[in-house]
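The values are calculated or read from the model by the stated rules, or taken from the named source; none is laboratory data. Because the structure is a prediction, the values reported are computed rather than measured. Cβ placement follows ideal geometry from the backbone for every residue including glycine, while neighbour counts extend to all protein chains displayed. Only protein heavy atoms, including side chains, enter the accessible area calculation; ligands, DNA and RNA are left aside. Shrake-Rupley method; radii C 1.70, N 1.55, O 1.52, S 1.80 Å.
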Amino acid sequence: TRLTVGVFTGAKDNFFQIIIGMVLLVVVLKLMKRIPRVGYVVDTVQVRSPVVGGIIVASELSRFSRTMAILLESGVAMATALHLSIEGCKNQTMKRAFLASEESLLSGHGFTSSLKEHSVIPSLFVELAVIGEASNSLKRTMRDSAEAYQKELEQKLSGVMAMLEPASTLLVGAIVAI
C-alpha cells in the first residue's frame, strides 16, 4: 500500500515533467528513425517485441500478400508485383527481408529461397509461399495468406484492446484518486 501511495504521489508531484519527458522521447525517436541505421534498429526492436511485434508482422504480411495477390491476379509480372508490394512495407526489417527475396528472384533462384534465411518472416508464410511458387498458384496462395494474416491481426488487436480496458479503468481511478 505504501508503495502504491508513493508511486501515485510521485506521479502527481511530477505530472508535467513526466508528460514532457514522454513527449520529448516520442519526438526524439521519430526524428532519429529518419536515420536509416537507427530506423532499422528501431523497427527490428518493434518486430521482436512481444505484444507489438505480432501486430506489426501480421499487418505487414497482410498488406504485402494482398498487394501481391491483386497485382498477380491483374496480370502484372512477378518481378514488378514483388517490387511494388515491397514498396508498401513500412517496417524496414520486413522490407529488407523482402528485398532479399526480390534479389533472389531476379538472380533466378525464385522468390522464396531467401525468405527462409530471415527469422522475421514467420515459417508459415514462407511455407505457404514455397507451396504457391512450386505449384504455380502464388496468386491464390497470396490471397489466402492475406486473409489469414488479416484475421490474425484482428485477433491480436482484440487481445490488446482487452488488455487495455482494465488498464484504462485503473488509470482513470488513479487520476480521480489524485
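Miscellaneous remarks
- Pairs with Cβ under 9 Å, 6+ apart, first in the stretch 23-34 and under 16 Å from GLN46 (Cα atoms), second surrounded by 10 or more Cβ atoms within 10 Å (Cβ to Cβ) and charged (D, E, K, R): LYS33/ASP43
- Of all residue pairs spaced 6 or more apart or on separate chains, those with beta-carbon atoms under 8 Å, a first member in the stretch 158-178 that is under 25 Å from VAL5 (Cβ atoms) and a second member that is open to solvent by 90 Å² or more (accessible area, probe 1.4 Å) and in a helix (DSSP H, G or I) are ILE178/LYS12.
- Of all residues in the stretch 121-157, those satisfying the criterion of being aliphatic (A, V, I, L, M), in contact with a helix residue (DSSP H, G or I) (Cβ under 6 Å, 6 or more places away or on another chain) and without any contact (Cβ under 8 Å) to a residue 24 or more places away in the chain are VAL126, LEU128.
- Which numbered condition VAL130 misses (of (1) within 18 Å of ILE56 (Cβ to Cβ); (2) in a helix (DSSP H, G or I)): (1)
- Residue that is surrounded by the fewest Cβ atoms within 10 Å (Cβ to Cβ), among those in the stretch 13-52 that are within 20 Å of the chain's Cα centre (by Cα) and not in a helix (DSSP H, G or I): ARG34
- Search result, residues across the stretch 1-12 that are open to solvent by 100 Å² or more (accessible area, probe 1.4 Å) and part of a helix (DSSP H, G or I): ARG2, LEU3, LYS12
- For the stretch 64-104, filtered to residues that are in contact (Cβ under 8 Å) with a residue 40 or more places away in the chain and basic (Lys, Arg), the residue that is farthest from ARG143 (Cα to Cα) is ARG96.
- Of all the residues in the stretch 119-137, those that are open to solvent by less than 70 Å² (accessible area, probe 1.4 Å) and within 16 Å of the chain's Cα centre (by Cα) number 4.
- Of the residues making up the stretch 105-118, those that are closer than 22 Å to SER137 by Cβ and either open to solvent by 10 Å² or more (accessible area, probe 1.4 Å) or free of Cβ contacts under 8 Å to residues at least 24 places away in the same chain (or both) are LEU105, LEU106, GLY108, HIS109, GLY110, THR112, SER113, SER114, LEU115, LYS116.
- Screening ARG34, ARG63 for residues that are more than 30 Å from GLY173 (Cβ to Cβ), modelled with pLDDT under 95, out of contact with any Leu (no Cβ under 8 Å at 6 or more places or on another chain) and not hydrophobic (A, V, I, L, M, F, W, C) leaves exactly one candidate, ARG34.
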